[in-house]
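The values are calculated or read from the model by the stated rules, or taken from the named source; none is laboratory data. Since the structure is predicted, the reported quantities are computational estimates derived from the model, not experimental observations. Counting neighbours? That spans all protein chains shown, and the Cβs are built from the backbone with ideal geometry, glycine included. With ligands, DNA and RNA removed, areas are computed over all heavy atoms of the protein, side chains included. Shrake-Rupley method; radii C 1.70, N 1.55, O 1.52, S 1.80 Å.
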Amino acid sequence: MTVADVGAGSGYHCFLMSPLVGEKGKVIASDIQEEMLDLVTTKAKKQKVTNIETVKGTTTDPKLPANAVDLIIMVDVYHEFEFPFEMTEKMVDALKPGGRLVFVEFRLEDDKVPIKLVHKMSERQVIKEMGVFAEMEHTKTEGSLPWQHVIIFTKREAKK
């Protein structure tokens, strides 16, 4: 598998996914901050992890390869995008048919989540924003995390 962590930061999730994709798999750490990517590169070298690749994205493009990614995950990232439509458009383009786009966002619906309102999103809001991408289908929402929902979309197979 090829998986991408968009808004990877220091690579916490990349290093969790690395052993799961194995030696033949690849984890792409995409971030707009070179300093964060440098941290990932340094840690990967230190730990002798060879299946993590860093990519410097922009505010409108995570710079992922077209039709090449099986899974894209964003952990508490989507709500921070300056250009969410453009970023999502590029991520959808990067997914293979059957690929998944995963949003992990703090639940706006839960007043007990101790996070500033600006850092929360409702499930309904994410689904509505993804509705403009006809090739993407809301697969499920996982609610097992204490403060966040995991909202999963799957790219439909191309029509023949």
* When the stretch 60-91 is examined, which residues are found to be touching a strand residue (DSSP E or B) at 6+ places or on another chain (Cβ under 6 Å), open to solvent by less than 10 Å² (accessible area, probe 1.4 Å) and β-branched (Val, Ile, Thr)? -> VAL69, ILE72
* Keeping to the stretch 22-46, report how many residues are over 14 Å from the mean Cα position of the chain (by Cα), closer than 18 Å to PRO65 by Cα and buried (at least 18 other Cβ atoms within 10 Å of the Cβ). => 2
* To do: Could you identify the single residue in LEU64, LEU101 that is assigned to a loop (DSSP other than H, G, I, E, B), touching a helix residue (DSSP H, G or I) at 6+ places or on another chain (Cβ under 9 Å), aliphatic (A, V, I, L, M) and touching a residue at least 24 places away in the same chain (Cβ under 8 Å)?
  => LEU64
* Asked: Mind checking whether some residue in the stretch 34-47 is assigned to a loop (DSSP other than H, G, I, E, B) and of a type outside the set (Gly, Ala, Ser)?
  -> no
* Asked: Before we move on, is THR54 touching a helix residue (DSSP H, G or I) at 6+ places or on another chain (Cβ under 6 Å), closer than 30 Å to VAL132 by Cβ, open to solvent by less than 60 Å² (accessible area, probe 1.4 Å) and of a type in the set (Val, Ile, Thr)?
  -> yes
* Would you be able to say whether some residue in the stretch 2-19 is more than 21 Å from THR141 (Cα to Cα), open to solvent by 20 Å² or more (accessible area, probe 1.4 Å) and of a type in the set (A, V, I, L, M)? => yes
* Number of positions in the stretch 102-130 that are open to solvent by less than 40 Å² (accessible area, probe 1.4 Å), among the aliphatic types (A, V, I, L, M) and more than 14 Å from THR88 (Cα to Cα) -> 3
* State all residues of the stretch 131-141 that are farther than 14 Å from ASP93 by Cβ, open to solvent by less than 70 Å² (accessible area, probe 1.4 Å) and not in a loop (DSSP other than H, G, I, E, B); if no residue qualifies, say none. => HIS138, THR141
